[in-house]
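J.: Submitted below is the structure of interest, expressed as structure tokens.
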Amino acid sequence: MLLHDVVETSRTVAATRSRKAKVEALSATLARVDHDDPDEVETVAAYLSGSLRQRRTGLGWRGLQSLPEPAPEPTLTVGEVHSAFEALSVIAGAGSQAARAGAVAELFGRATAEEQSWLRSLVTGEVRQGALDALLQDAVAAAAGLPVTQVRRAAMMAGATVPVVRAALTGGAEALDAFTLTVGRPVLPMLASSAPDVEAAMAKAAPGLAVAIDTKLDGIRIQVHRDGDEIIAVTRSLDDITARLPEVVTVARSLPARRFILDGEVLRLDEQGRPHAFQDTASRTASSEGEALTPYFFDLLHLDGRDLVDEAAETRLRLLDELVPEAHRTRRLVTDDADAAAVFVAGVLADGHEGVVVKDLRAPYDAGRRGSSWVKVKPVHTLDLVVLAVEWGSGRRRGWLSNIHMGARDPESGDLVMVGKTFKGMTDEMLAWQTTRFQELETGRSDHVVTVRPEQVVEIALDGVQRSTRYPGGVALRFARVVRYRDDKRPDEADTIETVRAMLPGQVVDEA
């Protein structure tokens, strides 16, 4: 397939806000891919989702400012482009800068003007066409003539969508059936929607029924797999950090089972057993040295040959309690009494934790989606948003990147919708860090504003939301301030514009 075909599809998808139209355009292109060439299928799928297959290429915005004259006609195939980026990804050592510049000139010299512009956006993460994983899953289901539920299930088990696209188009339903829960292969974690208080959360999760109310720990989400003597621990983004968590490995080895998958969090505690700030835990998980970390588990996905993701939470929690000692389980209350729940929440907050998660005892483990089965409650309103741009500071902050522009996800279009700016809550240490970080993500400048690749998630505390014509989402944050930067979250895990609008007075909006 020509790169031109992918670029045209990307432009079509970016030009519409209709989810149906986006899916139709994506599925039409996927249907034209050579299904006998699995490598081409995977490359096209990655490019349609706005990403390269290589984790690193050594290229950035500055390295793509000076490009050769564009080609007059499109001739580049997606296979040739992938091979070129593959070669770029391994250039290293003496003379690498010149070698990389030569490789860039050769690749971009074969691209048309439109292709050059699109490839630059692909490299810098600026392909804002809204083709997130959910849209790509819908599109491959349509292209392959398969139920979208089967595609989503396979992506959950695979921990990614691109390999599922390849399987669906080259092997059909039978190939997707091969993506089963496998000990040792991380799966996408289940996520929670939000509610303003515990009573509202109980009504949302399981109206009139008893629910499980778990302590919401402010740590690093981990998924732990044990297969005999082999143990791995991964983050919510499925990065393997086993070597940095010897304490977790020790706990996993001590449990009375040979094969299991556990979902939980790891925390750094002080001498009184109270949690340190999230940044302290995150800093400790960056290496295997430092103060000890303590794992706490709140769900069980597999136990000695028995898959549990489709079983009710009540069953999973009973088996979890039998497997994991109380010292390594999150504190939980099962009740249908809102008053008892409120007392429990008060105790959790008094112990220094950030809130609770209310869970439907009837629900299966629904990975990768925010629904009403898990509902989080925090005493302070917070949102996880994506940094879109940042402004150079003035006065005491001159020389630092300061005021950040923040966006929420639009789940229908996949776009990021700006909802506000803030420079509040930033320490000098944070200002220094973000000045370096956002220049690394820079994609362009105008006056005092630096636009960045939409990769960095930031947690924002706020006093509320108000209607506004200033921003495209029709809402603006009130008294927003930075709590922390979330390196443990991907942009597609940020809060949606519906969640932001739900915070308007008198509004109730469920997040899908």
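The values are calculated or read from the model by the stated rules, or taken from the named source; none is laboratory data. The structure displayed is predicted, hence computed values, not measured ones. Methodologically, a virtual Cβ is constructed for each residue, glycine included, from the backbone with ideal geometry; neighbour enumeration extends over all protein chains shown. Please note that ligands, DNA and RNA were not included when accessible areas were found on the heavy atoms of the full protein model with its side chains. Shrake-Rupley method; radii C 1.70, N 1.55, O 1.52, S 1.80 Å.
J.: Using only alpha carbons, build the gyration tensor for the chain and give me the equivalent ellipsoid semi-axes, biggest first, whole Å.
T.: Listed largest to smallest, the semi-axes of the chain are 38, 28, 24 Å.
J.: Quick one: 3J(HN,Hα) in Hz for the stretch 186-192, Karplus 6.51/-1.76/1.60 with θ = phi - 60°, rounded, Gly and Pro as x.
T.: Along the stretch 186-192, the couplings run x, 10, 5, x, 6, 10, 10 Hz.
J.: Using 10 Å bins from zero, what percent of all Cα-Cα pairs in the stretch 21-84 falls into each bin?
T.: The percentages, shortest bin first, are 16, 42, 33, 9.
J.: Nearest 20 debye, what's the magnitude of the dipole of the stretch 392-512 about its Cα centre given +1 on Lys and Arg Cβ and -1 on Asp and Glu Cβ?
T.: Rounded to the nearest 20 debye, it is 720 debye.
J.: Output wanted: per-residue J couplings in Hz (rounded whole) for the stretch 286-292, from phi through Karplus 6.51 cos²θ - 1.76 cosθ + 1.60, θ = phi - 60°, x for Gly and Pro.
T.: Values per residue, Gly and Pro as x: 6, 8, 8, 10, x, 5, 5 Hz.
J.: Hey, another quick one. Calculate, for residue 430 and residue 75, the FRET efficiency according to 1/(1 + (r/R0)^6) with r their C-beta to C-beta distance and R0 51 Å; round to the nearest 0.05.
T.: Result of the calculation: an efficiency of 0.60.
J.: Also, I was wondering about something else. What is the Cα centroid distance between the stretch 389-427 and the stretch 63-141, reported in whole angstrom?
T.: Cα centroid of the stretch 389-427 versus Cα centroid of the stretch 63-141: 28 Å apart.
J.: For the chain, what is the percent of antiparallel DSSP beta bridges, rounded to the nearest 5?
T.: Counting DSSP beta bridges with both partners in the chain, the antiparallel share is about 90 percent.
J.: Moving on. Considering only the other residues whose Cβ falls under 9 Å of the Cβ of residue 486, what net charge follows from Lys and Arg at +1 and Asp and Glu at -1?
T.: Local charge sum for residue 486: -3.
J.: Projecting each Cα onto the charge dipole of the stretch 242-377 (Lys/Arg +1, Asp/Glu -1 at the beta carbon, about the Cα centre), which of 309, 373, 353 comes out farthest on the positive side?
T.: 309
J.: Cα centroid distance between the stretch 5-52 and the stretch 172-188, in Å?
T.: Cα centroid to Cα centroid, the span is 23 Å.
J.: Something else about it: Compute the orientation-averaged projected area for the stretch 337-381 from the convex hull of its Cα atoms and round it to one decimal in nm².
T.: Over every viewing direction, the Cα hull of the stretch 337-381 projects on average to 4.0 nm².
J.: Which one of 446, 157, 406 is farthest out on the positive end of the charge dipole of the chain, using unit charges on Cβ (Lys, Arg +1; Asp, Glu -1) and the Cα centre as origin?
T.: Result: 446, furthest along the dipole toward the positive end.
J.: Listed here are the pairs 22/216; 216/424; 22/424; 376/421; 359/421; which of them are more than 31 Å apart at the Cα?
T.: 22/216; 22/424; 359/421
J.: Hey, what angle do you get for helix 428-440 against the long axis of the chain, alpha-carbon based, 0 to 90 degrees rounded to 10?
T.: The two axes meet at around 40 degrees.
J.: Please report the base-10 log of the normalised intensity I(q)/I(0) for the stretch 217-364, using a Debye sum with one equal scatterer per alpha carbon and no solvent, at each q in 0.18 (1/Å).
T.: -1.13
J.: Still on this structure: Over the alpha-carbon set of the stretch 281-381, work out the extent along each principal axis and list the three values in angstrom, largest first.
T.: 39, 39, 27
J.: For the stretch 76-190, with only Lys/Arg (+1) and Asp/Glu (-1) charged at the beta-carbon, what is the dipole magnitude about the Cα centre, in debye rounded to 20?
T.: With only Lys, Arg, Asp and Glu charged at Cβ, the dipole is about 240 debye.
J.: Give me the one-decimal Kirkwood hydrodynamic radius in Å for the stretch 358-421, with the sum taken over alpha-carbon pairs.
T.: 15.0
J.: Roughly what angle does helix 3-14 make with the longest principal axis of the chain, taking Cα atoms, 0 to 90 degrees, to the nearest 10?
T.: Taking Cα atoms only, the helix is inclined about 50 degrees.
J.: Moving on to the next point. Rank-order 97-107, 395-405 by packing density, defined as the average count of other C-beta atoms within 10 Å over each peptide's residues, highest first.
T.: Top of the packing list down: 395-405, 97-107.
J.: While we're here: Under unit Cβ charges (Lys, Arg +1; Asp, Glu -1), what dipole magnitude, rounded to 20 debye, does the chain have relative to its Cα centre?
T.: 1300
J.: Can I ask one more? In the chain, what percent of the accessible surface is made up of carbon and sulfur (1.4 Å probe, ligands and nucleic acids excluded)?
T.: 49
J.: With each run of n ≥ 4 DSSP H residues scored as -39500 (n - 2.57), what mean residue ellipticity at 222 nm is computed for the chain after dividing by its residue count and rounding to the nearest 500 deg cm²/dmol?
T.: The helix-only estimate for the chain comes to -10500 deg cm²/dmol at 222 nm.
J.: What FRET efficiency comes out for residue 304 versus residue 479 if R0 is 60 angstrom and r is the Cβ-Cβ distance? Round to the nearest 0.05.
T.: So, using R0 = 60 Å, E works out to roughly 0.75.
J.: Taking 7 Å along the Cα-to-C-beta vector as the label spot, tell me the residue 487-residue 160 distance in nanometres, rounded to one decimal.
T.: 2.1
J.: By how many nm would the segment from residue 283 to residue 34 grow when fully extended, if each residue of separation counts as 0.36 nm and the alpha-carbon distance is taken off?
T.: The span from residue 283 to residue 34 would gain 85.1 nm if fully extended.
J.: Let me ask something additional. Any chance you could list P(r) for the stretch 403-512, counting all Cα-Cα pairs in 10 angstrom bins from zero, rounded to whole %?
T.: 13, 45, 34, 7, 0
J.: Within 10 Å, count the other beta carbons around each residue, average over each peptide in 328-340, 13-25, and list them highest first.
T.: The densest-packed peptide leads the list: 13-25, 328-340.
J.: In addition: Using a 10 Å cut-off on Cβ atoms, rank the peptides 165-174, 441-450 from the highest mean neighbour count down.
T.: The densest-packed peptide leads the list: 165-174, 441-450.
J.: Next up: Go ahead and run the numbers for FRET between residue 173 and residue 321, Cβ-Cβ distance against an R0 of 51 Å, rounding to 0.05.
T.: 0.85
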